[in-house]
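*Asks:* Before I ask anything, here is the structure I am working with.
The values are calculated or read from the model by the stated rules, or taken from the named source; none is laboratory data. It should be emphasised that the depicted structure is a prediction, and the values quoted were computed from it without experimental measurement. Cβ placement follows ideal geometry from the backbone for every residue including glycine, while neighbour counts extend to all protein chains displayed. When the accessible area is computed, the model is the full protein with side chains, heavy atoms only, and any ligands, DNA or RNA have been set aside. Shrake-Rupley method; radii C 1.70, N 1.55, O 1.52, S 1.80 Å.
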Amino acid sequence: MARVQNPITIYRGDSYPIVLTIRDSATSLPLDLTSCSLLLTVDTLEHPPDATTKVFQVVGVLGADPTIGVAVFTPTTANTAVAGDYYYDVQLTDAGGNVRTIVKSTFTVNMDITK
């Protein structure tokens, strides 16, 4: 499974769920996420040397049917408090403890009007 691009854009202070459908790059079918865990990490750098530039992390929650590849990541208003251009990835850990980065792209927090 290759890493895919999936830019995310939200507004400052938003805490609505980010829903991703994880697909197998070879077949385009939803990936069975049974017994998997997912972690979305947002960073100020595209290629950070360590965790010092990490903005936040959100653990993915699997949908009611993990066989359809849906994962939900819900940031807090504190996570998205600072507008800016960031980068993110999603790492999947399978039942055997194997870790794989499945999504890597941009994460933009835009300014809003309401304060």
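*Asks:* What are the residues in the range 62-115 that are at pLDDT below 95, within 16 Å of Arg12 (Cβ to Cβ) and either within 13 Å of the chain's Cα centre (by Cα) or not charged (D, E, K, R) (or both), if any?
*Replies:* Ile113, Thr114
*Asks:* Which ones in the range 1-18 are at pLDDT 95 or above and outside any loop (DSSP other than H, G, I, E, B)?
*Replies:* Ile8, Thr9, Ile10, Tyr11, Ile18
*Asks:* Here's a follow-up. Which is in a loop (DSSP other than H, G, I, E, B) and under 23 Å from Gly96 (Cβ atoms), of Ala64, Ala26?
*Replies:* Of Ala64, Ala26, the one residue that is in a loop (DSSP other than H, G, I, E, B) and under 23 Å from Gly96 (Cβ atoms) is Ala26.
*Asks:* Is there any pair linking a residue in the range 7-27 that is in contact (Cβ under 8 Å) with a residue 60 or more places away in the chain and among the aliphatic types (A, V, I, L, M) to one that is in a loop (DSSP other than H, G, I, E, B) and surrounded by 12 or more Cβ atoms within 10 Å (Cβ to Cβ), with Cβ under 8 Å and at least six apart or on different chains, and which?
*Replies:* Correct list of pairs: Ile10/Pro75; Ile10/Thr80; Leu20/Asn6; Leu20/Gly60; Ile22/Leu31; Ile22/Leu33; Ile22/Gly69.
*Asks:* Can you report the number of residues in the range 42-59 which are under 18 Å from Pro7 (Cβ atoms), in a loop (DSSP other than H, G, I, E, B) and either among the basic types (Lys, Arg) or out of contact with any helix residue (DSSP H, G or I) (no Cβ under 9 Å at 6 or more places or on another chain) (or both)?
*Replies:* Count: 2.
*Asks:* Restricting to the range 23-41, count the residues that are of a type in the set (Val, Ile, Thr), out of contact with any Asp or Glu (no Cβ under 9 Å at 6 or more places or on another chain) and surrounded by 11 or more Cβ atoms within 10 Å (Cβ to Cβ).
*Replies:* Result for the range 23-41: 1.
*Asks:* Still on this structure, please answer the following. Exactly one of (1) within 19 Å of Val19 (Cα to Cα); (2) of a type in the set (Val, Ile, Thr); (3) open to solvent by 40 Å² or more (accessible area, probe 1.4 Å) is unmet by Thr52. Its number?
*Replies:* (1)
*Asks:* Next question, about the same structure. Please note which strands (runs of 3 or more DSSP E) are completely contained in the range 69-115 and include at least 1 residues that are in contact with a Pro (Cβ under 6 Å, 6 or more places away or on another chain) and without any contact (Cβ under 8 Å) to a residue 60 or more places away in the chain.
*Replies:* Hits in the range 69-115: 70-73.
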